[in-house]
Amino acid sequence: MDISEAKKILEAALLCAGEPLSVRSLRQLFEDELGADSIRRLLEELARDWQGRGVELITVASGWRFQSRAELRPYLDRLHPEKPPRYSRAVLETLAIIAYRQPVTRGDIEDIRGVAVSTQIMKQLEERSWIEAIGYRDAPGRPALYATTRQFLDDLGLASLDGLPVLNAQGQLVEAVSQLPLLAEQDELSLETAPLPVLVEATSQAVASPDLPH
């Protein structure tokens with residue numbers, strides 16, 4: 001297949017998708033005529049083609065997606081002036097501990113924070129699909145072990161946990177996580193500065209929510 005045509009097909013599929021697309025999924029477009037390595041090379045070329053534009057092609061935990069550039073978010077918000085959800089510092093601290101110390105139990109989180117973790121905090125993070133129980137510790141009561149999800153990485157625009165800011169010392173969990181584009185400054189979490197995934201269907205445009213593992 002002509003490379004130019006293949007890139008057009010990939011571009012159209014990614015722009016119209018409501019979620020990140022894995023290389024495995026993208027191969028279906030070509031009925032396996034193109035191998036995984038070939039598709040990755042084309043995606044990298046496509047990402048370079050879009051450099052310097054208002055939309056960029058990136059790879060996240062669940063695959064590849066187009067998204068608006070983070071620095072343009074304040075302008076795009078003018079189309080939808082309603083305020084996004086905000087989260088308390090307690091939620092931020094809990095998320096940071098899970099992100100950097102996973103897998104952890106609720107008791108582990110409480111030991112690190114020095115205060116009790118409310119059920120509401122855990123529920124908020126689970127409903128946002130940022131954390132999930134992945135098993136149980138072999139200890140009295142068999143407490144659930146929590147870890148972050150692919151959705152968490154997708155929302156942060158990260159391909160893996162290796163993309164999290166590096167900790168230089170103990171006690172920097174919250175400070176490190178708060179550096180990420182998705183998270184607001186100081187004491188609250190917000191989606192205000194997060195890049196927007198791109199979804200184009202027919203003649204309309206909308207924001208899409210990334211999916212979970214492929």
Test: residue in the range 64-74 that is more than 17 Å from Leu156 (Cβ to Cβ) and either of a type outside the set (Gly, Ala, Ser) or loosely packed, with under 13 Cβ neighbours inside 10 Å (or both): yes
Selected residue (criterion: surrounded by the most Cβ atoms within 10 Å (Cβ to Cβ)) from residues of the range 6-39 that are touching a residue at least 40 places away in the same chain (Cβ under 8 Å) and assigned to a loop (DSSP other than H, G, I, E, B): Pro20
Some residue of the range 89-100 being modelled with pLDDT under 85, exposed (fewer than 13 other Cβ atoms within 10 Å of the Cβ), basic (Lys, Arg) and at negative phi: no
Residue check for Leu153: within 14 Å of the chain's Cα centre (by Cα), farther than 23 Å from Arg65 by Cα, modelled with pLDDT of 85 or more and not assigned by TED's automatic domain parsing to the domain that holds Ala61: no
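The values are calculated or read from the model by the stated rules, or taken from the named source; none is laboratory data. Note that the coordinates shown come from a computational prediction; the quantities given were computed from them, not determined experimentally. FYI the Cβ positions are ideal-geometry reconstructions off the backbone, even for glycines, and counts take in every protein chain you see.
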